[in-house]
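One structure is given here, and the rest of the page talks about it.
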Amino acid sequence: MAIKRTPLRQRLVVAFVAMTAAVSGLFSLVTFVAIEEFEENLFVSQLEGDLHWWINHLGETPQPQPLTLANRTRLYVTPDMPAGQLPPFLAQQERGWREVFDGHDTYHVVRRDHAGRRYYLVRDASALENRERGWFAVLLGGTVVSVLAALLLARLIASSVLEPVVRLARRVRRADPARAPRHLATGFADDEIGQLARVFEQRLRQLQGFIASERLFTSDVSHELRTPAAIIAGAAETLLARSELLPRARSAVTRIHLAAQEMQDLIDAFLTLSRTPTAAPPGQHPPCSVNAVVQAEVRRIRAQAAPGTPPIVVEEQAEPSLNCPPTLLTVAVRNLLDNAVRYAPEGTVHITVRADAVVVQDSGTGLQESDIPRAFDRHRRLAPEIPGGEGLGLAIVQRICERSGWQVQAQVLPAGMRFELWFGGEVSHRQQ
């Protein structure tokens with residue numbers, strides 16, 4: 001599995017070098033074995049021919065032992081030479097040929113029996129062995145040189161082969177998804193890389209069309225919804241300003257006013273999320289007080305409280321401020337609080353403002369540990385028996401966190417749930 005994570009350039013080099021090493025090593029091995037077999041067969045044939053000649057030439061006449069012949073060869077004949085005086089390595093010599101090593105030198109020995117006599121022809125093969133070792137060193141050196149040359153050549157070839165891929169990756173990386181790519185496939189040959197470049201260009205054009213369409217839709221919808229939402233909120237404020245409004249009607253108008261404000265916050269948040277994420281320079285957004293947002297949302301829930309709404313306890317350990325659009329923080333905190341209130345009708349909701357996070361904890365029914373990975377999926381309601389909600393609240397919180405560089409984590413408690421909205425290191429605060 002680790003090879004899949006290795007860079008393609010390195011894999012090409014390793015494959016080329018490994019193939020060269022295998023082919024060169026196999027060639028050297030076959031060549032060495034062939035040379036060794038050829039020389040041994042040649043020497044054996046020569047020794048057997050020489051021994052046959054000497055047997056016919058000497059006949060049965062005893063000869064002084066041993067006979068020293070040309071080419072560092074000696075002839076031993078028994079019983080002309082007592083068996084006890086034979087070299088030790090001849091004592092176990094069977095009929096035929098074999099190669100022996102006496103601890104210092106290597107010998108080729110041929111034995112033949114004729115007319116009651118035993119003939120040993122011994123030739124010193126040390127020179128042959130040295131020559132074979134020389135051949136082996138030459139072949140081994142050639143293999144090493146071939147591998148080193150293959151390594152150098154593979155690096156050059158890999159760079160040449162991967163240059164179009166690197167160039168295409170550089171162009172795709174620089175391409176703005178919000179703009180139609182220009183000349184992305186220009187300069188590539190009509191091969192697989194060229195086809196890939198044209199597919200990238202086509203898909204990026206389609207992506208740009210989708211993004212442009214979504215932005216136009218979001219902008220148009222937000223503009224069309226903002227006007228009626230503002231009208232509803234303004235009308236509600238006008239009605240609330242009238243002193244003769246009956247308490248029951250005032251309560252209903254207050255709910256309408258709060259719902260209109262929620263709608264305006266959601267429109268602003270969705271419009272912000274639809275834009276391309278960019279790092280906000282310092283000072284682009286005014287400092288957004290986390291405590292103020294939390295207090296406003298707690299007041300909203302208490303103003304809309306119905307029978308069975310759990311009490312909310314607020315603990316402020318710090319007063320952090322964020323450089324972000326206030327609507328994003330408002331919608332994130334609102335969804336976490338609404339979830340806690342909805343799923344803990346007979347419990348308690350505890351919200352803590354820390355220096356780097358907001359923690360929302362409830363004592364409701366909670367979730368199973370296995371449900372945590374799916375809790376932030378869109379349209380995923382993990383407690384369908386509880387009315388209300390479309391399964392979008394936590395998904396929206398997750399999207400806001402991805403957009404803002406925050407993190408949201410869920411934890412199952414013995415009684416209830418704990419959600420932590422962590423803001424990271426870009427927080428300015430002062431301790432209480």
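Computed values, structure above
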| read-out | value |
| --- | --- |
| Within the stretch 104-136, tally of residues that are open to solvent by 60 Å² or more (accessible area, probe 1.4 Å) and of a type outside the set (D, E, K, R) | 7 |
| Within the stretch 29-106, strands (runs of 3 or more DSSP E) holding 3 or more residues that are more than 27 Å from L140 (Cα to Cα) and at pLDDT below 75 | none |
| Members of the stretch 357-371 that are touching a Pro at 6+ places or on another chain (Cβ under 8 Å) and within 17 Å of V397 (Cβ to Cβ) | D362 |
| Qualifying residue in the stretch 142-155 (condition: among the basic types (K, R) and more than 30 Å from V30 (Cβ to Cβ)) | no |
| In the stretch 405-422, residue modelled with the lowest pLDDT [restricted to those that are closer than 28 Å to N323 by Cα and in a loop (DSSP other than H, G, I, E, B)] | G405 |
| Residue count, the stretch 170-212 (criterion: open to solvent by 60 Å² or more (accessible area, probe 1.4 Å) and part of a helix (DSSP H, G or I)) | 16 |
| Among residues of the stretch 1-28, those that are at pLDDT below 80 and loosely packed, with under 15 Cβ neighbours inside 10 Å, counted | 8 |
| Hits in the stretch 311-346 (condition: touching a Gly at 6+ places or on another chain (Cβ under 6 Å) and open to solvent by 10 Å² or more (accessible area, probe 1.4 Å)) | N335, N339, R342, Y343, P345 |
| Residue match in the stretch 347-369 (condition: loosely packed, with under 15 Cβ neighbours inside 10 Å and more than 20 Å from S404 (Cβ to Cβ)) | yes |
| Residues satisfying the stated conditions in the stretch 240-276, i.e. aliphatic (A, V, I, L, M), at pLDDT below 80 and either touching a Gly at 6+ places or on another chain (Cβ under 8 Å) or in a loop (DSSP other than H, G, I, E, B) (or both) | L245, L246 |
| Search result, residues across the stretch 315-353 that are basic (K, R) and within 40 Å of the chain's Cα centre (by Cα) | R334 |
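The values are calculated or read from the model by the stated rules, or taken from the named source; none is laboratory data. No experiment lies behind these values; they were computed from the predicted model shown. Reconstructed Cβ throughout: ideal geometry from the backbone, glycine too, with neighbour counts over all protein chains shown. Heads up: the accessible areas ignore ligands, DNA and RNA and are worked out on the full protein's heavy atoms, side chains in. Shrake-Rupley method; radii C 1.70, N 1.55, O 1.52, S 1.80 Å.
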